[in-house]
């Protein structure tokens, strides 16, 4: 795309709340289970059933709003969004419409060290739908023999966070989503897993000629299941629209589907269908009127947010900006803090997390925020390296053992036979054997040729299969040959 | 104690059972026997629940005999409108759509009836999804008026009203969205109460107009209605619109008389055009009686009351259009297959709903549509606020208001089925209280020239049940009517 264009991007993010029960009934929200086992009269829309709002979900919405610097509405309403769809039990979704619980906030997002403020239009509450499973054909509804519906997900509380069209590029879109995810996780209101759908992001993308005030034609892009996928999809879409404009063609207003494997978007709905959702206030529910004191209590109880975490990591703990961003985005600050509390040197612990732990997570396809590593175990590992009990190389192997659940670092090192040989007697034997095996080299060292000691150290290391502490070997050789 | 247990009211039956003069089983059997004999002519019940009723009655008798705790209505039969969910027992709402629907749960009102040990005899006929004023809109046949079998019992709670009026049960449960308890009560010569919105839980009441719907008692005496009201009212955490405070008790107010009360007569209702002379005469006499009993009777105006009916016919259908969306053939109820999901849903709804239900879904869908919402739904909500303000102004100077319950007495079966607007006018005096959410009731005040019952409406402010029952009880005691209908017994005799 020629640089004559500027991208205008707005993001709509849905977050499934990790409340114990659903938005309007007492059914559990935990993932999995046989279809239609986590349902009741309310979340299957039985005649006569009535919704009762989940107070914990309302508090989660207010907390997120506060974390995003929103105004909390003293009185907001639930509306019904009416449309027919088989996985929606009542054929209307309880959502919020003209007065959402939180509005007019912002989120500061940094790309390459430059921070920009993205407006938050609103945060509102709604209920999730069930899931359809189309049997036969290609698995899509067209051509299926029949469809099955699982209502376990129906009624799970959702927050929808809508940004202003302030995002200007793929990197910024990614940074926005990462920052929002970090906030949601810091608040502990959702596990916010893009890959599993507990956090979902749609992007509204348009391009316009640089300097133009008016927005270009907007395209909604769906199906991005990771931060990287969002960045790629937005980059692709900007490129595609720019190419159309360069060719003198118009961008069509539509909804497009991101294909991660093909790396491109394709038309999902040819033309934006005009739905009339016939929103009206849900007469089964009374307005949400949080007490000022409750809002103040929630504001006071806000945990450390990602921006504050980064400031603490680079300030007090002396980490680099890059390390701070990496650890905060990955959700590894808790492990870092635990490790530091257990006595680990911050920079060393951070390095292990940012390099070895993250790369293990990538390979093992584990969300770093849920990595099975206790902070004091990391501290123990750092300590074993610092004392010379483990070389860095061996420590990597030990870490893998710890992450794979084999035990604490000391136990893993012992079980895998990875401890450095610090046993003086054993080392002395190896050193003597090396000297005996290479008298020429020994003689050179005795004669003052310091470099010749390397061959002897190498021989001892080889004989110990890498488990000897090289520094100690060096010392022992000198004791023998120079005294 | 009458020989025929079906002639006794609930209070008499309770006293006789407490005194050991009869048993709950005998009471249930007497009513079930009468239902078997005459409900073919009346059509009040869609189904009776003989086995569970008799088992419950036997359990009540056992506990009562053993001196164990029994509920406040222990052993008294009750007729339940088929719009309240009963676990495992068909709940049809008078619709083909739910002909085979067996709810997985009991409505809160049903639980409260069970807790009071009232014996549910069966489920009663109604206009489909409570939409109608004659019970002619039921998919399962008409219900007849016990005073005249060629006339309607009113609606939509016509089955419960006919059952109570026709002595098939001493107590009935109805629901009132826009007069659906009070109008059939007036037509069938019984007492019918719509409590303050939020006093009786709507959980398990299949929704018509959620902001208007309210469950209420139907009985042959004010005292019986008060006892049933007390049994079913109360906060329910499963209904977000339920009033958290304890409901005001009704029975302590029953014998306070009306002396010193200021009672407003809604003159525009009493003297309104379309009010039949017999209705006007009986209601005017009732007002005079209240004055004679010592009430300070004044005329009041509800200036926006003439806009209440049109506003109601936008708000109720709007809510209904959304409430009835869930009937789509996917999860429960009727399913008519089609080649696609959309066609299955459309075919199901086309076949499952009757014409009046479809009419209201269309009105409501239209009123909520983009471009029309402000002019219809929002405008109607503004009228609703004005009606509430009218009542507030009236209650600033009056303790209670009275008016005719309906413009006419029971009309003939088939007379108004082709004229929806004429049908809607039945509820012209009833709907303002629904819009305001305030309590209102109908009680019989005599018969017109044809001997058909006339109902007087007593209205009270928010949570004003005590004064409402107080006025009704004083009037009832003073009038001392005996409105026992004999049409049913005549019909039964003719057949025999």
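DSSP finds beta bridges in the protein assembly as shown, and of those with both partners inside it, around 80 percent are antiparallel.
The calculated Kirkwood hydrodynamic radius for the stretch B:204-247 is 11.9 Å, given to one decimal from all distinct C-alpha pairs.
Here the Kirkwood formula, the inverse mean of 1/r across different C-alpha pairs, assigns the stretch B:428-476 a hydrodynamic radius of 11.6 Å. The distance linking the stretch B:6-37 with the stretch A:334-357 is 80 Å (Cα centroid to Cα centroid, whole angstrom). Along its first, second and third principal axes, ordered by size, chain B spans 64, 53, 49 Å in Cα coordinates. The DSSP beta bridges internal to the stretch A:199-275 are antiparallel in roughly 70% of cases. Taken over the stretch B:341-479, the convex hull of the Cα atoms encloses 161 Å³ per residue. Compute the angle between helix A:424-437 and the longest alpha-carbon principal axis of chain A, please, reported from 0 to 90 degrees and rounded to the nearest 10. Between helix and principal axis, roughly 60 degrees. In whole angstrom, the protein assembly as shown maps to an equivalent ellipsoid with semi-axes of 75, 32, 25, each derived as √(5λ) from the alpha carbon gyration tensor and ordered largest first. The shape of the stretch A:304-415 can be summarised by an equivalent ellipsoid whose semi-axes, obtained from the alpha carbon gyration tensor, come to 23, 15, 11 Å from longest to shortest. Taken over the stretch A:43-190, the convex hull of the Cα atoms encloses 148 Å³ per residue.
Here the stretch B:388-412 is scanned for amide nitrogen atoms under 13 Å from the site 7 Å beyond the Cα of residue B:301 along Cα-to-Cβ, giving B:390, B:394. Distance distribution note for chain A: the fraction of Cα pairs above 40 angstrom is 38%. Helix A:55-67 versus the longest principal axis of chain A: what is the Cα-based angle in degrees, 0 to 90, to the nearest 10? Tilt of helix A:55-67: around 70 degrees.
Compared with the dominant Cα axis of chain A, that is its longest principal axis, helix A:170-187 is turned about 90°.
For the stretch B:250-329 versus the stretch B:173-227, the inter-centroid distance based on Cα atoms is 14 Å.
On the principal axes of its alpha-carbon atoms, the stretch A:424-482 has extents of 28, 17, 16 Å, going from largest to smallest. For the Cα trace of the stretch B:172-271, dividing Rg by the Kirkwood Rh returns an Rg/Rh value of 0.99.
When the Cα convex hull of the stretch B:40-80 is projected onto planes of every orientation, the mean area is 3.5 nm². Taking a temperature of 25 °C and a viscosity of 0.890 mPa s, what whole-number D in µm²/s does Stokes-Einstein yield for the stretch B:111-187 with Rh from Kirkwood over alpha carbon pairs? The calculation lands on 201 µm²/s. Dividing the summed -39500 (n - 2.57) terms of all DSSP H runs of n ≥ 4 by the residue count of chain A sets its mean residue ellipticity at 222 nm at -11500 deg cm²/dmol.
Taking the helices alone, chain B has a mean residue ellipticity at 222 nm of -12000 deg cm²/dmol, built from -39,500 (n - 2.57) per DSSP H run of at least 4 residues and averaged over all its residues.
Compared with the rule-of-thumb size 2.2 N^0.38 Å for a compact globular protein, the stretch A:106-192 has a Cα radius of gyration ratio of 1.51.
All of the numbers you see were taken from the coordinates with simple rules; none came from a lab. All figures in this text were calculated on a predicted structure; none of them were measured in a lab. We place every Cβ from the backbone using ideal geometry, glycine too, and count neighbours over all the protein chains shown.
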